[in-house]
Amino acid sequence: MAIFQVVVGGIMLAMIPRSVIFDLDGTLVDSRLDLAAAVNRVLGDLGRPILPDAQIVSFIGHGVDRLLERALGDAGLADEARSLFERHYGEGLLVRTRPYAGVDELVRRLSEDHTLAVATNKPGRWARTIVDGLGWADAISTVVGGGDVAHLKPAPDMVELLLETFGRSRDDAVMVGDMEVDVEFARAAGLPCVGVSWGFAGRQRLKAAGADWTVDSAAELGDLLQRISSP
């Protein structure tokens, strides 16, 4: 196997990554419009003015509760807003949510010789519905999300569960994500991280956060993952 070296937490590690852990929203799928629509329905139900999609999108990345709190600006409405959001978003998970360009082909190709998983702060039941609805159930072996572990990213709980499920060690895995929280998550778990520039943060923020690599297309990501894990 090809062995490469990367510094994680100040330690030089020799890596042979055959397990790829993906973030979901902003990495594999563009779910912005469905999320924004659900949040605006909540705001409407609560008599609040709707917000521009771009503003709601800027709140995404740290779980549903944080998303709603920022959209409402009122933590006191969190419980009611959460209940409304679960109904609205649960009814519209796949209305306009689609894989990013080239991602469907990449997932299917990588699954032939890698173990693929998803680690997302989106509630796990929704993440699994999206993965299944996009036809990836056979390609992505495990989906872990909010509610499946004690702590959301950037805590390393999801990686701990996934590695236990895979029966693999850290030197066999790499994280792929689109936000600073994904880089922080990888660091907390002792994994290298590939940042994808097409999601919510962009190339410069990912590089500043310390992503080990940053790629601009699914094809570039596929080439990188094959290069660092090929025999």
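The values are calculated or read from the model by the stated rules, or taken from the named source; none is laboratory data. All values derive from a computational prediction rather than experimental measurement. With ideal geometry, Cβ positions are generated from the backbone for all residues, glycine too; neighbour counts draw on all protein chains shown. Heads up: the accessible areas ignore ligands, DNA and RNA and are worked out on the full protein's heavy atoms, side chains in. Shrake-Rupley method; radii C 1.70, N 1.55, O 1.52, S 1.80 Å.
Descriptive notes on the structure:
- Scanning the stretch 82-133 for residues that are part of a helix (DSSP H, G or I), within 21 Å of F166 (Cα to Cα) and free of Cβ contacts under 8 Å to residues at least 12 places away in the same chain gives a single hit, D132.
- Considering residues of the stretch 148-180 that are among the aliphatic types (A, V, I, L, M) and either open to solvent by 10 Å² or more (accessible area, probe 1.4 Å) or in contact with an Asp or Glu (Cβ under 6 Å, 6 or more places away or on another chain) (or both) only, the residue nearest to G102 (Cα to Cα): M179
- Condition met for V57 (among the β-branched types (V, I, T), open to solvent by 20 Å² or more (accessible area, probe 1.4 Å) and within 21 Å of R205 (Cβ to Cβ)): yes
- Qualifying residues in the stretch 115-141 (those that are of a type in the set (S, T, N, Q) and surrounded by fewer than 19 Cβ atoms within 10 Å (Cβ to Cβ)) - the one farthest from L93 (Cα to Cα): S141
- Across the stretch 134-173, the number of residues qualifying as part of a loop (DSSP other than H, G, I, E, B), hydrophobic (A, V, I, L, M, F, W, C) and closer than 21 Å to H114 by Cα comes to 4.
- Considering residues of the stretch 23-71 that are part of a loop (DSSP other than H, G, I, E, B) and among the polar types (S, T, N, Q) only, the residue nearest to R98 (Cα to Cα): S31
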